[in-house]
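J.: Starting off with a structure, shown below.
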Amino acid sequence: MRNEDKISEVRRSVDIVDIISEYIPVIKSGRNYFAVCPFHDDHNPSMSISPEKQIYTCFSCGAHGNVFNFVMNYENISFYEAVKKLADKVGISLSFSLSATKSIRNPNEDIYNIYDVASKYYQNNILTNDGVDALEYLYKRGFTNDIIKTFGVGLSTRNSLTKVLNAKNYSEDVLVNSGISYKTNGNIYDTFTNRIMFPLCDLEGKVVGFSGRVYKSNDNSKYINTKESEIFKKGKLLYNYHRAIESCRKKKSVIIVEGFMDVIALYMVGIYNVVASMGTAITPEQARLLKKLSSNVILCFDGDKAGNKATMACAKELDKIDIRPKVVRLPDDLDPDEFIKKYGKDKIMDYLENPKSLLDYKIDEYKKETNFSDSEDVSKYIKNILLELSYVDDKLIREITIKKLSDETNVSIATLNGMLKVKKKPEKPKNIADKKRLSKYEKSERMLIYYMLRSKEVIKIYENNKCYFPTQKFRYLVSELVHYFNKNDNMIIADFITYLSDKKELLDAFNEVDTMNVSENYTYEQIMDYIDNLKEYSIKNEIKKLTYEFKKETDEIKKIELLKQISELKVRV
């Protein structure tokens with residue numbers, strides 16, 4: 001069986017509604033199902049899922065595709081990894097390997113392999129005699145063998161890994177570029193020695209870096225982290241992302257902490273819907289990753305001033321994508337790891353199950369900075385709260401907060417309301433493509449393809465009346481469409497999407513056409529009108545070309561011939 005036939009078998013063996021409902025809640029309405037789109041800032045169900053066509057479409061952001069596209073985009077995995085994931089789910093054995101399907105070798109494959117070898121090597125080390133002290137250290141910190149195994153914790157010894165990798169024929173340049181080794185005075189050494197090793201993974205769970213912790217020396221560098229490389233960019237990753245996906249779905253929330261030790265500490269007490277920013281300020285990429293896990297985000301950073309600063313910065317980044325997180329503020333300047341050791345599981349659970357709204361958290365922080373015996377301080381406090389309230393859309397929340405503020409400061413509700421200036425959020429600019437008015441030729445090419453995707457009859461009408469498409473991407477798309485139809489003698493949209501999976505520009509062109517909000521019914525006369533319009537475009541284009549040649553031509557006889565051709569074409573328009 002051909003690879004593409006096997007992939008189609010996988011696609012037809014699953015139901016897109018069942019698969020998507022494992023990731024996000026779906027609601028039936030008429031013939032279709034609807035969901036809140038996970039691929040943009042959405043609060044209302046704008047994603048439609050068609051069980052009949054086995055595709056999904058977001059009418060707001062334009063996300064569109066079949067079951068493979070959804071799994072790829074939701075889990076940040078490749079097309080073939082999505083195929084394998086679904087094949088495993090329905091018990092279909094793939095006759096091809098994922099690596100065999102990739103025509104171009106990943107330029108970073110050696111680095112990925114180096115980190116895979118390193119991770120296994122470190123994990124083996126900790127189980128040898130060299131690892132006795134490291135294990136004892138971890139046990140004292142509450143680690144269990146299951147936790148050590150789950151997080152792939154290992155041990156680096158002295159300059160042994162570089163030798164192992166050299167024996168596997170990895171060049172010194174590759175080892176140094178990967179960050180696993182360093183070179184000095186002509187000699188190459190392990191970057192990590194005599195440290196407990198915590199693997200850092202990418203979104204798919206592949207090891208791309210390490211954080212090494214001292215455990216029995218007085219080294220001032222408690223942690224040493226892998227330098228950034230082609231495969232390890234902190235700002236694009238979240239620690240524990242790949243493990244947290246399933247738990248975040250079930251809990252309908254994601255907790256973000258600062259460090260990987262905080263993640264592990266929460267795991268130890270059975271809290272799995274947690275990721276870490278690895279100590280960096282939240283980036284736009286990380287904010288979008290959080291939203292993919294859940295729109296219900298709980299910030300649980302350290303209880304000190306730095307933790308407060310990180311909370312405010314993260315909340316600001318999340319606000320840009322319309323997420324208002326909730327906040328857990330731990331007492332005594334403790335981080336989650338320290339808090340659990342001091343107060344235990346029940347206490348941390350109590351905090352996490354009762355987070356504050358971001359507004360209440362900010363009010364508490366302003367309150368800490370206010371001397372309520374000082375009129376100027378109180379005035380500043382009131383103005384800060386009113387400024388925060390000015391961005392709140394919920395009228396009831398504004399009213400409740402104003403009432404509390406009045407009771408607290410003895411300033412009348414009328415005065416406070418008079419000072420409050422509610423700010424309207426600026427409307428997001430419409431996509432430039434939405435503003436563009438299509439010419440009748442551009443509209444015709446799109447409409448013709450739209451109906452070709454839905455009807456064998458229209459494909460056959462087109463084949464009997466070939467015409468020229470003005471836009472290059474649609475010319476290529478219709479060529480692939482006809483080829484696919486002639487090869488398979490059908491036009492199943494969900495399978496055609498799979499056929500286009502490695503042709504991104506054509507997939508984008510397909511999405512642009514297939515998501516048009518037009519009637520699926522057509523008449524023969526309509527189709528012929530579109531074809532006639534496109535033929536007219538070809539004629540006008542040819543007239544334009546001949547007119548240009550006429551203006552440049554100096555030979556009178558040739559000019560007469562060009563004029564004759566132009567006249568004949570004009571009759572046909």
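Here, each number is a calculation from the coordinates, and none is a lab measurement. All values reported here derive from a predicted model rather than from experimental measurement. Counting neighbours? That spans all protein chains shown, and the Cβs are built from the backbone with ideal geometry, glycine included.
J.: Name the shape class, rounded, prolate or oblate, that the alpha-carbon gyration tensor gives for segment 438-572, where a ≥ b ≥ c are the square roots of its eigenvalues, rounded holds for a/c under 1.5, and otherwise prolate holds if a/b is larger than b/c and oblate otherwise.
T.: Values: a/c = 2.68, a/b = 2.16, b/c = 1.24.
Because a/c hits 1.5 or more and a/b exceeds b/c, segment 438-572 counts as prolate.
J.: Please give the charge dipole size of the chain, origin at the Cα centre, charges +1 on K and R Cβ atoms and -1 on D and E Cβ atoms. Round to the nearest 20 debye. If you can, show how the numbers build up before the last one.
T.: Working: 90 positive and 83 negative charges, 158 e Å.
Roughly 760 debye for the chain.
J.: Shape call for segment 275-384 from the C-alpha gyration tensor, a ≥ b ≥ c root eigenvalues: rounded (a/c under 1.5), prolate (a/b greater than b/c) or oblate?
T.: Verdict is oblate for segment 275-384.
J.: With a ≥ b ≥ c taken as the square roots of the eigenvalues of the C-alpha gyration tensor of segment 243-325, please select rounded if a/c is under 1.5 and otherwise prolate if a/b is larger than b/c or oblate if it is not?
T.: Oblate is the answer for segment 243-325, as a/c is 1.5 or above yet b/c matches or exceeds a/b.
J.: Any of 236/316; 320/424; 368/395; 84/291 with alpha carbons more than 22 Å apart? Name them for me. Please report the intermediate quantities before stating the final value.
T.: Numbers: 236/316 18 Å; 320/424 15 Å; 368/395 26 Å; 84/291 25 Å.
Over 22 Å apart, Cα to Cα: 368/395; 84/291.
J.: Give the long-range amide H neighbours of residue 238: residues separated by 5 or more places, or on another chain, with amide H under 5 Å away, using H modelled in the peptide plane at 1.01 Å from N.
T.: none
J.: Sequence-distant or interchain residues sharing an amide H contact under 5 Å with residue 209, placed H: which?
T.: Amide H to amide H, under 5 Å and 5 or more residues apart or across chains, residue 209 pairs with 200.
J.: What ranking of 57, 150, 523 emerges when the number of other C-beta atoms within 10 Å of each C-beta is taken as an exposure proxy, fewest first?
T.: 523, 150, 57
J.: Okay, next question. Report the label-to-label distance for residue 223 and residue 486 in nanometres (one decimal), using points 7 Å from each Cα along the Cα→Cβ vector.
T.: With each label point 7 Å from Cα toward Cβ, the separation is 6.0 nm.
J.: Summing -39500 (n - 2.57) over the DSSP H runs of n ≥ 4 in the chain and dividing by its residue number, what mean residue ellipticity at 222 nm do you reach, to the nearest 500 deg cm²/dmol?
T.: -16000 deg cm²/dmol
J.: Starting from the Kirkwood Rh over alpha-carbon pairs, what translational D in µm² s⁻¹ does segment 3-101 have by Stokes-Einstein at 20 °C and 1.002 mPa s?
T.: 154
J.: Would you work out the charge dipole size for segment 198-311 about its Cα centre, treating the Cβ of every Lys and Arg as +1 and the Cβ of every Asp and Glu as -1, and quote it to the nearest 20 debye?
T.: Using only the charged Cβ atoms, the result is roughly 280 debye.
J.: Using θ = phi - 60° and the Karplus form 6.51 cos²θ - 1.76 cosθ + 1.60, what ³J(HN,Hα) does each residue of segment 168-174 get, whole Hz, x for Gly and Pro?
T.: For segment 168-174, the Karplus curve yields 8, 6, 7, 6, 4, 4, 5 Hz.
J.: Here is a further query. With a cut-off of 13 Å, note down the residues of segment 303-338 whose backbone N falls inside the zone around a label point 7 Å from the Cα of residue 377 toward its beta carbon.
T.: Counting only backbone N, you get no residues.
J.: Still on this model: Sum up the lysine pairs in segment 109-232 that clear both bars: alpha-carbon distance under 21 Å and a spacing of 8 or more or different chains.
T.: Going through segment 109-232 pair by pair, I get 15.
J.: Same structure again: Kindly give Rg over Rh for the chain, based on alpha-carbon atoms, with the Kirkwood expression for the hydrodynamic radius.
T.: Rg divided by Rh gives 1.07.
J.: Just to confirm my numbers, what's the Cα centroid distance between segment 110-127 and segment 217-256 in Å?
T.: Centre-to-centre (Cα) distance: 18 Å.
J.: How about residue 558: which aspartates and glutamates have a C-alpha closer than 14 Å to its C-alpha, ignoring those fewer than 8 places off in the same chain?
T.: 549
J.: Shifting gears a bit: Please work out the C-alpha center-to-center distance from segment 493-570 to segment 476-490 and express it in whole Å.
T.: Centre-to-centre distance over Cα atoms comes out at 19 Å.
J.: Another one. Quick one: Cα centre-to-centre distance for segment 151-189 and segment 370-413, in angstrom?
T.: Going from one Cα centre to the other spans 59 Å.
J.: Quick one: what are the phi-derived ³J(HN,Hα) couplings along segment 52-57, Karplus 6.51/-1.76/1.60 with θ = phi - 60°, whole Hz, x for glycine and proline?
T.: Karplus-based 3J(HN,Hα) across segment 52-57 equals 6, 8, 6, 9, 10, 9 Hz.
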